[in-house]
Amino acid sequence: MRKRQSRLTYLLIVILALLTLSPVVMLVVGSFSKGLNAFGNFTISKYVSVYSDPAFYAVLGNTLVFVGFSALFSTILALFLAYLNNRTNIPGKFMFKVISVVPMMIPHVLFAVSWALLLNPSNGILNLLLMNIFKLENAPFNIYTIRGMIMVEGLLDLPIAYLIIAPAMASFDISLEESSRVFGAGNMKTLFRVTLPVLRPAILAAFILCVVRCLASFAVPSVLGMPGRTYVLATYIYRTVTTGFIADYGKAAAVGMSILVLSISLIYVYRYMTRSSEKYVTVSSRGFKPVVIELKKAKVPLFIILLIFSFILIMLPILVLLYTSFVPYSMVPSAKAFASMNLSHWKNVLNDPISLLSLKNSLFLCIVGASLGTLLSIFISYVIVKVKTRASGVLESLSFLSFSFPGIVIGIGFMWFFVRTPLYSTIWALLIGYIATYLPYGIRPMTSAFIQIHSHLEESSTVCGASFLTTIRRIVAPLLVPGIVSGWILMATMFFRELSLSVVLSRPGTETMAVQILKFSNDGLWGRLSALGIIMIGISILLVVTANLVGNHFKPVTD
């Protein structure tokens, strides 16, 4: 048994090293190479070219502002929502808890596009409405600014911060605050002297993780930043490899190395902070029961605020896309607009061979990729939880490493890796890149599920003569159904909406839906974009519902 586990561990280390370390190594080598056709011809000219370019430092400044304020906005918003949902008597708690994480299900490119449709300065629906009502000559809002990017990115990253802060908020012992008030401290002083310091690890961890995700963000900077000529590092890399007569992948790799080093450093800071959070524990006895704070007169106003926020966060993007998919051009909702609705955009999309191909490719990548990624996650999680060796520790570190990979950066690494193989410019290159980048989303739910399974079950199976694979298939896997379903859903939704890695690796014939939506956005084909976007959202929901139904069907029955 031990020998089999050891062989499995080393085999998984090799597979994970190929998936996670190979593109990083190639990114490093590529950053010192003159070009894809001059691999191994080393030079530092790419770094000199990047860091001597004055425009690069303007981009770097934009990136710091965008990343810092987006992460801050997400964290503050998550703190506010977590407090209301976990510590107060606000009505509709369950609904608001679900709504706080629903943005994870909406493709980021569609969320960004919906805000462009509302607030772009030329024909944004909300801008046109306000101009008509108040007789304004100019649009009052312009989403194509750094402020617009920060707002949209902050809303998109809210679920990440909320999922970290909410559990800490739920287990916070309110007696600490009561003690503070007994000694004469007011509500604000108690908040800043007691509540926030105790929650500091969760708050900082949420902020750091949001910073990492903002660094990796491409949808918002490309849809909202590039039209307003506000570039960040992700779009700087994208322009480097898509503009000009010859794409400069060496220069892109040099910029990508800076982002990758920063992202990996932040991820390990996050891991250190979450590991050393035991000293902030405030709940230690089984008799703990969190106290609910009465909102009194503030209950109704806060409830209305949350309803409005929920509408903005969930319903508004979908309604805007649905409306735009039926009107012939951008129009303020009116009797004339509703009378002119037709199916022309839908017909154009459904008759467009590239759109249909992108749908086929995305479905293949999401179903096959998520299934392969989930299968790999089962074995990796098994070794991490059940095999307590140094090698399993190495495997765990490798499995977490790819979480810090910004998509467009690691896409450049994969480009250097695949260009010398038959996989270059094929759908299989995208499949491998997706699995390598999003594997942690499958491993985390599976690891949690494995922790709940006692090792005595496997030992009993082995004593009865079952092989290792038989034990996994007949004993362990049926008990893992909830974790398998969660992991598959997470990976499938990530694969289906993936954009940043796809814009680098996709070639004619391997377009994905997200890439096609970005193309429609760049061409100003808002109606076709909206129709394809609604199809994308509908398929995402269908995949999640189907996976849950299948999971419930195969869930083991226990007496």
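Residues that are surrounded by 24 or more Cβ atoms within 10 Å (Cβ to Cβ) and either among the aliphatic types (A, V, I, L, M) or under 27 Å from Thr75 (Cα atoms) (or both) were ranked within the stretch 237-256; the one that is farthest from the chain's Cα centre (by Cα) is Ala254.
If the condition is being touching a residue at least 40 places away in the same chain (Cβ under 8 Å), surrounded by fewer than 20 Cβ atoms within 10 Å (Cβ to Cβ) and closer than 16 Å to Leu395 by Cα, then the stretch 9-33 contributes Tyr10, Ile13, Ile15, Ala17, Leu21, Ser22.
Residues considered: Tyr329, Tyr424. Of these, the only one that is touching a helix residue (DSSP H, G or I) at 6+ places or on another chain (Cβ under 8 Å), surrounded by fewer than 17 Cβ atoms within 10 Å (Cβ to Cβ), in the same structural domain as Ala216 (by TED's automatic domain parsing) and not in a helix (DSSP H, G or I) is Tyr329. Across the stretch 439-455, a minimum of one residue is classified as more than 30 Å from the chain's Cα centre (by Cα) and either modelled with pLDDT of 75 or more or in the same structural domain as Leu499 (by TED's automatic domain parsing) (or both). Listed by first and then second residue, the pairs linking a residue in the stretch 355-378 that is not assigned by TED's automatic domain parsing to the domain that holds Leu529 to a residue that is aromatic (Phe, Trp, Tyr), with Cβ atoms under 8 Å apart and 6 or more places separating them unless they lie on different chains, form an empty list. Right, Ile410: farther than 23 Å from Ile208 by Cα and either of a type in the set (Asp, Glu) or modelled with pLDDT of 85 or more (or both) or not? It is false that Ile410 is farther than 23 Å from Ile208 by Cα and either of a type in the set (Asp, Glu) or modelled with pLDDT of 85 or more (or both). Regarding Ser340, is this residue more than 30 Å from Gly527 (Cβ to Cβ) and polar (S, T, N, Q)? Spelling it out, it is not the case that Ser340 is more than 30 Å from Gly527 (Cβ to Cβ) and polar (S, T, N, Q).
No other residue among Lys34, Lys93 is among the basic types (Lys, Arg), under 30 Å from Arg497 (Cβ atoms) and touching a helix residue (DSSP H, G or I) at 6+ places or on another chain (Cβ under 9 Å) apart from Lys93.
When the stretch 70-121 is examined, which residues are found to be among the β-branched types (Val, Ile, Thr) and touching a strand residue (DSSP E or B) at 6+ places or on another chain (Cβ under 9 Å)? Selection gives Thr88 alone. Of all the criteria given as (1) part of a helix (DSSP H, G or I); (2) free of Cβ contacts under 8 Å to residues at least 60 places away in the same chain; (3) surrounded by fewer than 19 Cβ atoms within 10 Å (Cβ to Cβ), the one not satisfied by Asn127 is (3).
The values are calculated or read from the model by the stated rules, or taken from the named source; none is laboratory data. All values reported here derive from a predicted model rather than from experimental measurement. We place every Cβ from the backbone using ideal geometry, glycine too, and count neighbours over all the protein chains shown.
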